[in-house]
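Visitor: Have a look at the structure that comes next, please.
The values are calculated or read from the model by the stated rules, or taken from the named source; none is laboratory data. None of these values were measured; they are calculated from a predicted model. Here the Cβ is made from the backbone with ideal geometry for all residues, glycine too, and neighbour counts use every protein chain on show.
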Amino acid sequence: MGLQPETPELPRPPSRSPLPAPEQRPSLTRAVMFAVLILLPAVAAVIHYLVVPLPVLRAWGQPARLEVLSQPSGAEVYLDGHRLSALTPTYTEVQRDRRSHEVEIRKDGFVLLHRSVRFDQTELLTVDVILQPESRPSFRPMPTAKAAAPPPAPATRNAY
């Protein structure tokens, strides 16, 4: 039986991994942990409180329902100058945006109401108002000054 010649062990090529060697990773790991634990919640809080609430952001691309209610019911509703087809209580579908919109509510005998509404502040969009009666002049007759009674006639004396 013959001896097999020993093959020399070839050196392995260096690793081409994009990550540094384990002994060099702690600074990168700390930076990533800092970003995840500190910066991400801070950015989410700023977006949530100052820009758009998270529930609104989640439903941003979908139409939103704007409900308009009034006491008494039966008022006409105008959204940005366009009349809605139904009287209160009613609703309409709107696209969310970051602008202010004007809602006008009209009913004969009641004071005209204007409300400014933004579609990016809350998930549920509702305008609920109590209409105030107009102050109209009454049709009762105005009090007049009574005519002064004529002075009594002087007494006449008969001469006999």
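Visitor: Please go through segment 90-131 and give me each residue that is surrounded by fewer than 12 Cβ atoms within 10 Å (Cβ to Cβ) and over 24 Å from the mean Cα position of the chain (by Cα), ordered by number.
Guide: If the condition is that a residue be surrounded by fewer than 12 Cβ atoms within 10 Å (Cβ to Cβ) and over 24 Å from the mean Cα position of the chain (by Cα), then ASP108, GLY109 are the ones that fit.
Visitor: Consider only pairs whose beta carbons are under 7 Å apart and that are at least six residues apart or on different chains; among these, list those whose first residue lies in segment 88-103 and is more than 9 Å from LEU66 (Cβ to Cβ) and whose second residue is exposed (fewer than 15 other Cβ atoms within 10 Å of the Cβ) and modelled with pLDDT under 90.
Guide: As it stands, the answer is GLN95/PRO63; ARG96/TRP60; SER100/ARG118, since those pairs meet every condition given.
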